[in-house]
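S.K.: One structure is given below, represented as structure tokens, and several questions about it will come after.
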Amino acid sequence: MPVEQNSKYSFTDIYTSTGPTTTPTQSFYRPTEQPPAAAEPLPVSGSIHSPVAGADRLCPCDENTAVCDINCCCDRVCNEEVALFTSCSISAVRSGSKQLCSQDVAQYTLWTTVDGYSELQSSVQKETNYDILCIQAQNRYDGLSHPSPRLPTDSNFDSLFSQFVSFIFGSELSDEVLPAKLQTLTGYQFGDVLATAEQSGQRGMFYLPAPGITADCVNNSPAAFLKDQSSRCSQHVALDGDCSSLRALRMDTYTNIQLFAGKNADAPVVPVDVASVILQSTEGTQTELAVSEGVNLLPVLITTTLCANVVLKVVYVIKYNSAGEVENGSVSLVLGFISEAEVSLQQEFQVMYIQGDVGGRAVHYNGNPGYVVGMPLITEDQDCLQGPHQRSPILFGLDYVSGCTLRLEDITNCSLVSQLILDVLRGPNSPQYVASFGNSPLENVLDWVPVKTNINPTAAQSCNIPLSIHLEIEWTKYGSLVNPQAQIVNIREVIETNRSSLALLSGGTSILPIRGSVAFIPVSAAALPGYRATPSINAKLPFDFFFPFV
């Protein structure tokens, strides 16, 4: 539906104001003169000390290597070009932080000679910081800057965890104590791999195919608990031998799965039910299939260049409770055709985790508490991935327009066609309420905003054909001025209809285009800063304050 810059140098502080005039200790000469080159010999034995960069060796404006930067007076490559400089882009460079009690400062000044050329004078002086809180010496190898923290990965997480666990509220827990407590929990933790019950009776892992280094599918990529994943990868298929034998193309590979509700050995087994199966034609049209329980639509080679019932898309929806135990799971599939002898088939896989609530209802939360731009809106038990039509969730803050065409088999029954198109526009189980905040609980009725519509129930008696649906979602900023939260305050459903006959609408071809759109409208009032009242002084003197005078 809808649709760094790296600096070559890094310094703590750079100043452009010149300090007190001092006697020059180094000069850059005019083009006719060259300064003598001095080089210190390497030591005969021992180790070479790390070089220390002084203020005269630092040049923040030297951006181009081996090329003179115009008006960069500290650029050592500039020789003849100095005579044409008009000013120094940086006139003072410090070798350390301004918080040091003493530091070297390199000064650069341009003088104009009698013949109009520029001559550069440079000096290095010691500058004293008279602040009582200045730093006398540094004992950190990285000075006053701190390196970027290491990001946790699968390979270094255990070492980082053992490094910082002793700082949790000053506890002295060892590495073995906290994991032992975690292992006593029956439910899954964030990032745990879901366990499956294999037909052999052993425990396996729940895999979700994903691309590896290339776009080819890696079929043994584990799916982690509470990590929503979506991936696309390719399978190399040769129809004559892979149509009916390649497991990646078979429906039962993704439906015959049983999950353990928890990670304990005695956890109950939860089957994954088939929610819907959609058949996609070679032209792209989709039709929902009525599949009875236990029936699999296996790939079959119809002709030498046509293989049917091939898995194109798999979507898992796994519901869990507050204890981290899996309550139930469902899978939706899209089956299609392969019409070439050798082809790289692109497949799509997705897994979503939804927390269950009272009465079997479920909500996938978004934001805490306000909505986050780019995340789906929250409704009651909605699954836009099921059904015969491809649907995408409405993402907060993103306007979009989309459309499709419908081929009508019977254009004589106006009321039937009208209801059919309205169902397609709204989708299955059209929501009646939307959460005002991203984490609104279901039991708080006042936190849910009703969807207002302009459809008149009695209008179905006349030939009103819905042509488009438009959602106007009004939202406001709620909370503090520093960190406002997005809140939905109103949502309207506007459906455009046409009173023309079906024959005129379709032009006699029985094909009708429809459209859907969403617009987010900010209705926040101008923010006004609020200040707390000035505290009153309630001064009281002790009763013996004037003793012994009184």
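S.K.: How many residues, within segment 513-545, are closer than 20 Å to Phe396 by Cα and outside any loop (DSSP other than H, G, I, E, B)?
M.R.: Residues that pass the stated criteria total 8.
S.K.: Can you go through Ala223, Ala275, Ala290, Ala248 and tell me which one is under 30 Å from Leu406 (Cβ atoms) and under 30 Å from the mean Cα position of the chain (by Cα)?
M.R.: Exactly one of Ala223, Ala275, Ala290, Ala248 is under 30 Å from Leu406 (Cβ atoms) and under 30 Å from the mean Cα position of the chain (by Cα), namely Ala275.
S.K.: Would you mention how many residues in segment 198-215 are surrounded by fewer than 18 Cβ atoms within 10 Å (Cβ to Cβ) and among the hydrophobic types (A, V, I, L, M, F, W, C)?
M.R.: 3
S.K.: Is at least one residue of segment 216-239 in contact with a Phe, Trp or Tyr (Cβ under 7 Å, 6 or more places away or on another chain), more than 30 Å from Asn366 (Cβ to Cβ) and either surrounded by fewer than 17 Cβ atoms within 10 Å (Cβ to Cβ) or not assigned by TED's automatic domain parsing to the domain that holds Arg407 (or both)?
M.R.: Yes: one or more hits.
S.K.: State the number of residues belonging to segment 269-289 that are under 12 Å from Ala195 (Cβ atoms) and surrounded by fewer than 20 Cβ atoms within 10 Å (Cβ to Cβ).
M.R.: 1
S.K.: For segment 332-353, what are the residues that are over 13 Å from Val315 (Cα atoms) and not acidic (Asp, Glu)?
M.R.: Hits for segment 332-353 are Gly336, Phe337, Ile338, Ser339, Ala341, Val343, Ser344, Leu345, Gln346.
S.K.: On the basis of being basic (Lys, Arg) and modelled with pLDDT under 75, does Arg515 make the cut?
M.R.: So Arg515 does not fit the description; no.
S.K.: Could you check, for segment 495-509, whether at least one of its residues is at pLDDT 85 or above and among the hydrophobic types (A, V, I, L, M, F, W, C)?
M.R.: Taking every residue of segment 495-509 in turn, at least one turns out to be at pLDDT 85 or above and among the hydrophobic types (A, V, I, L, M, F, W, C).
S.K.: Check whether at least one residue in segment 340-359 is buried (at least 19 other Cβ atoms within 10 Å of the Cβ), more than 22 Å from the chain's Cα centre (by Cα) and at pLDDT below 65, and report yes or no.
M.R.: no
S.K.: So, one more: Cβ contacts < 8 Å: first residue within 14 Å of Ser468 (Cβ to Cβ), restricted to segment 417-429; second residue in a helix (DSSP H, G or I), any location; separation 6+ or different chain. Result?
M.R.: So the pair list comes out as Ser418/Ala460.
S.K.: While we're here: Please verify whether Gly294 is assigned to a helix (DSSP H, G or I) and at pLDDT below 85, treating the condition exactly as stated.
M.R.: Taking the combined requirement at face value, the residue does not satisfy it.
S.K.: Would you mind finding the one in Asn264, Asn256 that is surrounded by fewer than 19 Cβ atoms within 10 Å (Cβ to Cβ) and either at pLDDT below 85 or among the charged types (D, E, K, R) (or both)?
M.R.: It is Asn264.
S.K.: Could I ask something else about it? Give, as residue ranges, the strands (runs of 3 or more DSSP E) completely inside segment 47-138 that count at least 2 residues that are surrounded by 13 or more Cβ atoms within 10 Å (Cβ to Cβ) and in contact with an Asp or Glu (Cβ under 6 Å, 6 or more places away or on another chain).
M.R.: 102-112
The values are calculated or read from the model by the stated rules, or taken from the named source; none is laboratory data. Computed from a predicted structure; not experimentally measured. Note that each Cβ is placed from the backbone with ideal geometry, even for glycine, and that neighbours are counted across all protein chains shown.
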